[in-house]
Structures are given as C-alpha cells and as structure tokens.
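Contents: one structure, followed by commentary.
The values are calculated or read from the model by the stated rules, or taken from the named source; none is laboratory data. In this text the structure is predicted, and so the values were computed from the model without any measurement. Note: ideal-geometry Cβ built from the backbone for every residue, glycine included; neighbour counts use all protein chains shown. The protein model used for the area step is the full one, side chains on, heavy atoms only, and it has no ligands, DNA or RNA in it. Shrake-Rupley method; radii C 1.70, N 1.55, O 1.52, S 1.80 Å.
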2 protein chains.
Amino acid sequence: MPEMDEPLAEEDSRESEEDRLIARFFRPLAKHPGAFELCDDAAVLEPPAGYDLVLKTDSIIGGVHFLAADPPETIGRKALRVNLSDLAAKAAKPLGFLLAIALPSEIDSSWLEAFARGLAADADAFACPLLGGDTDRTPGPIAITISVLGAVAHGRMLRRAGVQPGDCLVVTGTIGDAALGLLLRRDPDAAARLRLTQAQCAHLQDRYLLPQPRSAIADLLGRHASAGMDISDGLVGDLAKLCRVSGVGAEIEAARVPLSPAARSAVACDPALIELVLTGGDDYEVLATVSSRNLKALQTEAAARGVEVTDIGRMLSNRSGVRVLDRDGRPLVFARPSFSHF
Amino acid sequence: MPEMDEPLAEEDSRESEEDRLIARFFRPLAKHPGAFELCDDAAVLEPPAGYDLVLKTDSIIGGVHFLAADPPETIGRKALRVNLSDLAAKAAKPLGFLLAIALPSEIDSSWLEAFARGLAADADAFACPLLGGDTDRTPGPIAITISVLGAVAHGRMLRRAGVQPGDCLVVTGTIGDAALGLLLRRDPDAAARLRLTQAQCAHLQDRYLLPQPRSAIADLLGRHASAGMDISDGLVGDLAKLCRVSGVGAEIEAARVPLSPAARSAVACDPALIELVLTGGDDYEVLATVSSRNLKALQTEAAARGVEVTDIGRMLSNRSGVRVLDRDGRPLVFARPSFSHF
C-alpha cells in the first residue's frame with residue numbers, strides 16, 4: 001500500500017458526483033428543518049397532534065407514465081402531483097415528500113435544473129417540502145418515485161369504502177382532457193381530424209402534462225363526502241374499484257359528466273371518443289360519493305375555492321358494477337372499461 | 001358505440017393484471033390495519049404519541065445495487081434492510097414501509113413469489129409491515145424503492161452532527177465482508193487466489209446479499225451515542241461525511257477494525273485488500289461516536305443483544321478529515337477513499 005505524509009484531507013475526500021448533484025439541485029427544495037438540508041441519512045418530523053398520517057407512494061417511469069420528450073419542468077411536477085392528488089382525495093393535507101430518482105447517463109445538468117425548478121415551484125405551491133431522497137444511476141429510463149406524507153384529523157381519512165346506497169356520485173373539474181391530450185401527442189393528425197383549435201390542443205396537452213390535484217378542497221371532502229378516490233385509471237374503471245370495495249353499484253349519466261370546451265368539441269366531432277373520455281387515464285380529478293343532503297354544501301364551498309364539483313350519477317344498493325347511461329337512459333358498453341399503465 | 005342489455009357487471013370490469021399481482025403477492029405483507037389490505041389509495045397511521053417520525057427512502061436497481069442473478073428471496077430483503085439499517089443508525093424503530101416496484105416483462109410469477117416471500121419474512125422479523133405500494137412495468141431493469149417510516153422519542157434522532165472531539169469511534173459487526181463478497185461474485189478466480197474455504201466464501205457472499213440492520217440496538221445507540229450513520233459507501237468515505245457535517249476530524253486504527261475470520265484470511269493472503277475492506281461499500285453496519293464514559297455501557301448492553309460494538313479510533317477537534325493509521329501509527333492512503341453506487 002502506498003503511504004503519504006498528509007492525511008486524507010477534507011477536500012481530498014472529495015464529494016461524490018451524487019453529493020454535488022444533490023447539493024446543487026435538490027438541497028434548495030429541502031426547506032423543512034427536519035430535512036437537515038439533505039445532510040443526514042434520514043429526515044425527522046414531529047407529527048401534528050390529533051392527526052393521522054396518510055401515506056402514499058407512486059412512481060412515474062419514462063416511456064410508461066410520461067414521454068421522454070416531455071418538458072423536464074413538468075415531469076417533476078407530475079410526479080409530485082399524482083401523489084398530492086391521492087392525498088386530496090383522502091381528505092389529507094400534505095406534510096412533505098421523499099424523492100427517489102434514477103437517472104440514465106444521458107440526463108444532463110440542464111435537464112436536472114429544469115426538473116428541480118418545476119418540482120420546487122410545486123413543493124412551494126402545495127406547501128409540501130422535500131424531506132429526503134435518493135439519487136441513483138440506472139441503465140434504464142428515468143424513474144421517479146415520490147412518497148408523500150399527509151395529515152388528516154384522527155379517524156377522518158376518506159376511504160374507498162363508506163359509500164351509502166343513494167349517495168350522489170360527484171367528480172371535480174373536467175374528465176377526459178388528459179386522455180385526449182395524450183391522443184394528440186401520439187397522433188399528429190388528430191388535431192386536424194377533430195377540428196381542434198391550437199388553444200384547445202394546448203389545453204388538452206397541458207392537462208396530460210400537469211395534473212391539478214384538488215388539495216384546495218381536501219378538508220371539504222373530509223367534511224362532506226362518504227367515500228373518495230382520485231381518478232388515475234379512468235372514471236369508469238376507478239369507479240368500479242370503489243364499488244367493489246364498498247359492495248355497491250353505480251350509475252353514471254354520461255351527459256352529465258363535465259367536459260372542458262376542448263373535450264366537448266372533440267367528442268362533438270367524433271362521438272366515439274366518449275369512451276376514451278370516460279375510460280382513459282390520467283384525469284387526477286377526485287371521484288367522491290356524497291349524501292344528497294351534503295351535496296349543495298360541498299358544491300358551494302368548493303366553488304368558492306375555485307373547484308367545480310359536478311353530480312354525475314348515483315350509488316346503487318345492488319352489486320351490479322358500473323352502468324353508464326346515455327341521454328335516453330340506455331346503458332353504454334365499452335371495449336376497455338379501465339385504463340392501466342401496467 | 002355498441003350497446004348491450006347488461007351493465008358492466010362487477011366481474012366483467014375485470015381486475016387488472018396489476019390488481020391480481022398485488023392481491024396475490026403483496027397483500028399478505030400488508031398486515032397493518034391502516035394498509036386496508038392494499039384496497040385503498042393510501043395508508044393511514046396514527047403516530048405514536050411522544051415520538052418523532054424518521055423517514056428514509058432508498059432504491060436498489062438491478063445491475064447497479066444487486067446482480068440480476070441474485071436470488072429473488074434476498075433482493076426484497078436487501079431493499080428493506082438497507083432502509084432498516086438507516087433507521088437503526090438514527091436510533092429509530094420501524095413502523096412500516098411503502099414499496100414501489102418496477103418490473104421488466106421477463107419477471108415471472110415464480111420470481112415475484114420468491115421476492116415477496118423474502119420480503120414478508122423480513123417484514124415480520126423486523127416488525128415493519130407493508131403499508132402501501134405501487135407496481136409498474138418498466139422497459140429498464142428491476143427497480144425497487146422502499147420508503148421506511150420509523151419512530152424515535154421526540155428530539156432523540158441520532159444525527160450525523162453531534163460529535164464531540166475526543167469521542168470514541170465505534171462500528172458494529174464486521175467491516176469489509178460485503179465488498180469482498182462482491183469481489184468473489186465478480187472474479188471467479190478470487191476464491192482460489194485468496195485461499196478461501198467454501199464456508200468463508202459463502203459467509204462473504206451472504207454478507208453482500210443480505211445486510212444485517214442493527215435494529216436490535218437502535219435504542220442503545222440513542223441512549224449512548226453522540227452521532228451515528230450507517231456505512232453504505234465504505235467506512236472511510238462515510239466517516240469523512242460524518243466529519244464534514246460535524247466539523248471535526250477522525251483517526252482510525254486499521255488494526256482495530258473488526259474483520260470476520262473470512263475477511264481476515266483474505267487480507268492475510270493479500271494485504272492490499274485492506275483498502276477494499278475499509279473503503280468498499282455495502283457494509284450496512286453502524287458507525288457511531290460515543291463519549292469514553294458511555295463506551296463500556298454501549299458495548300456491554302449491545303453484546304447482551306448479540307451485537308459487537310468495536311472501538312476503532314477517535315474523533316479529533318481539527319477539521320483534518322479522516323486519517324487511517326497502520327500498526328506503526330503511520331497514515332495509509334487509498335486510491336479511492338469512498339465507494340459510490342452512483
């Protein structure tokens with residue numbers, strides 16, 4: 001073994017590439033004091049008294065959940081937002097998140113800088129600071145796993161179970177935009193075929209890139225809803241899951257499902273697209289059930305916070321699954337009731 | 001759109017492949033009531049009163065942190081144990097974990113069954129139930145991200161900072177086994193060259209496959225140590241990180257570093273291997289600093305729980321980094337002081 005007169009000086013035991021990358025891109029997001037500026041092995045958090053913790057982990061993988069060409073600013077935001085969407089649907093407010101990111105060698109500093117900038121903006125906007133993380137190299141595609149921690153008043157997490165037959169079925173925002181946005185990304189001729197304006201295309205594509213977690217009304221859902229979940233795999237398929245857990249059925253009136261003007265135009269041009277709208281993935285809206293006596297309050301209070309809540313059907317006592325009715329009350333059938341990223 | 005007389009019946013809105021896979025392999029691990037048998041979107045946990053939460057996420061990726069040919073039973077266990085090792089080094093006891101797993105198409109049920117069986121055994125052994133998860137397909141290698149949640153008495157998480165100059169430097173267990181085990185995996189001639197018996201080779205390789213988190217003494221570390229971290233990137237490199245955070249230096253006496261009989265044989269045969277032993281990764285032992293008045297108590301109480309704690313050096317007041325001394329008190333220098341998986 002060689003020897004030397006000098007010890008391994010502090011500067012000589014040089015920081016690894018990983019340490020430098022974390023310090024440069026991710027330390028600025030770690031504003032929670034328990035994150036120790038990412039200079040310790042773990043984060044510490046004093047749980048708020050009287051609250052339960054709500055925990056969720058979700059990965060997004062290049063080529064599976066987002067496209068490699070997506071702007072890096074939006075990829076980090078999407079990774080965080082899909083988790084925040086779950087917290088909102090469970091009536092929980094965010095406390096912070098952990099980030100595990102696997103980077104292929106072609107990812108450069110400018111990509112990382114934009115990724116971290118987007119993520120930082122959302123961590124601030126949703127009051128959900130980075131608590132800790134792990135950065136790795138991968139021979140595969142970029143993979144981002146976010147684990148989010150939320151808080152809800154003790155015993156008040158909104159479950160998938162809890163539905164009462166006769167409850168109204170509601171959704172937030174508009175349905176189907178993201179699936180249409182993805183269609184536009186994948187089929188360059190679709191915009192012309194569906195006679196969509198540039199602004200309409202931009203709206204739909206933006207909805208695919210950037211989910212809108214309904215964090216603003218999480219507490220209202222906790223107060224008024226009997227059950228809830230976020231819609232990530234399509235309205236019909238996710239509702240079927242909720243029905244299974246609660247042992248009930250559901251009926252959707254297709255004409256009452258809220259569509260954005262852009263989605264409405266697309267469906268007007270090609271009515272068969274209603275299937276994609278109702279079964280396509282990536283909505284990240286909340287699906288909830290509400291007793292009829294709470295419906296008005298939820299709608300009014302949510303509207304005051306800028307979130308539309310639309311009554312689209314009702315829950316049934318029989319275990320008949322999900323029935324989607326057209327304007328004439330006749331059931332529609334879909335080739336592929338649920339979208340799956342798997 | 002086609003129509004049909006029957007609604008989308010519960011059985012017709014068939015469970016996805018992902019749902020079936022989760023139900024078959026992962027539901028049995030979700031024993032915590034707040035995991036809702038993985039039938040909800042998130043888990044809920046009532047935090048223990050008077051405790052802080054300790055949070056950590058760590059990924060392991062095929063070809064980077066483990067070898068594709070590793071037995072699947074051990075891969076899940078390693079993924080959990082690298083996180084449990086951090087909790088132990090922070091003086092925290094496990095509460096539960098979240099699992100995100102990305103599966104390439106070649107992974108079959110027998111692989112998953114063995115993976116889940118190993119993970120289930122460790123979830124039981126370390127009283128760390130699965131709380132929730134996410135399963136995805138990936139075009140890349142298998143990637144497993146575990147986020148673990150632990151509890152420590154309020155304000156008592158063991159930090160990297162907190163070292164007092166003059167503190168003793170201790171490690172648990174033995175150092176260097178896993179790095180030698182990996183060497184044996186990678187170099188088929190190494191066993192013969194180092195004159196290792198089959199049992200010695202098996203010991204070293206097992207230490208690479210299956211870290212031994214020091215959860216059994218987490219509370220003792222909290223009571224007696226001034227700072228701590230787990231050794232994942234090599235003793236010397238990780239100690240340098242601890243020194244940087246605490247603004248101190250450290251001196252290791254190489255001859256006092258505890259080696260297993262197998263590692264001792266290997267180093268006796270090829271003395272240059274001491275560098276691999278002291279700087280190679282994957283030890284997953286605890287590195288801690290302890291005041292001299294607490295040393296004996298920590299050692300005695302840990303030994304009573306089957307964990308050896310060895311005094312290998314001391315912490316210095318000057319910011320001189322890490323110095324490793326040979327038997328004659330002369331500093332050793334290494335080509336690559338720290339291992340990095342990155």
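Of all residues in the range B:62-82, those being part of a strand (DSSP E or B), under 14 Å from residue B:281 (Cβ atoms) and within 11 Å of chain A (Cβ to nearest Cβ) number 0.
Working only within the range A:119-147, note down all residues that are closer than 17 Å to residue A:104 by Cβ and touching a Pro at 6+ places or on another chain (Cβ under 7 Å). Residues satisfying the conditions are A:138, A:139, A:140, A:141, A:142. In a residue-by-residue description of the range B:322-332, the property of being of a type in the set (Gly, Ala, Ser) and without any contact (Cβ under 8 Å) to a residue 24 or more places away in the chain applies to at least one position.
So that you can scan it fast, the table gives a plain yes or no per residue for (1) among the hydrophobic types (A, V, I, L, M, F, W, C); (2) closer than 19 Å to residue A:215 by Cβ; (3) touching a helix residue (DSSP H, G or I) at 6+ places or on another chain (Cβ under 8 Å); (4) away from chain B (no Cβ under 11 Å):
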residue	(1), (2), (3), (4)
A:281	no, no, yes, yes
A:292	no, no, no, yes
A:321	no, no, yes, no
A:327	no, no, yes, yes
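The residue of the range A:243-260 that is surrounded by the fewest Cβ atoms within 10 Å (Cβ to Cβ), among those that are closer than 27 Å to residue A:57 by Cα and within 10 Å of chain B (Cβ to nearest Cβ), is A:247. Pull up the range A:261-276, narrow it to residues that are of a type in the set (D, E, K, R) and assigned to a helix (DSSP H, G or I), then point me to the one that is least open to solvent (accessible area, probe 1.4 Å). My answer is A:275.
Pull up the range B:283-342, narrow it to residues that are among the β-branched types (Val, Ile, Thr) and part of a loop (DSSP other than H, G, I, E, B), then point me to the one that is nearest to residue B:220 (Cα to Cα). Across the range B:283-342, the extreme among qualifying residues is B:307. Just name the residue that is farthest from residue A:57 (Cα to Cα) out of those in the range B:104-155 that are facing chain A (nearest Cβ under 9 Å) and hydroxyl-bearing (Ser, Thr, Tyr). Restricting to residues being facing chain A (nearest Cβ under 9 Å) and hydroxyl-bearing (Ser, Thr, Tyr), the top hit is B:138. Every condition in (1) in contact with a helix residue (DSSP H, G or I) (Cβ under 8 Å, 6 or more places away or on another chain); (2) away from every other protein chain (no Cβ under 14 Å) holds for residue A:186 except the one numbered (1). Scanning the range A:31-44 for residues that are touching a strand residue (DSSP E or B) at 6+ places or on another chain (Cβ under 6 Å) and crowded, with 24+ Cβ neighbours inside 10 Å turns up A:35, A:41, A:42, A:43, A:44.
Among the conditions (1) surrounded by 17 or more Cβ atoms within 10 Å (Cβ to Cβ); (2) out of contact with any Cys (no Cβ under 7 Å at 6 or more places or on another chain); (3) of a type outside the set (Lys, Arg), residue B:290 misses just one, which is (2). In this structure, residue A:64 does not qualify as farther than 17 Å from residue A:145 by Cβ and either open to solvent by less than 30 Å² (accessible area, probe 1.4 Å) or touching a residue at least 60 places away in the same chain (Cβ under 8 Å) (or both).
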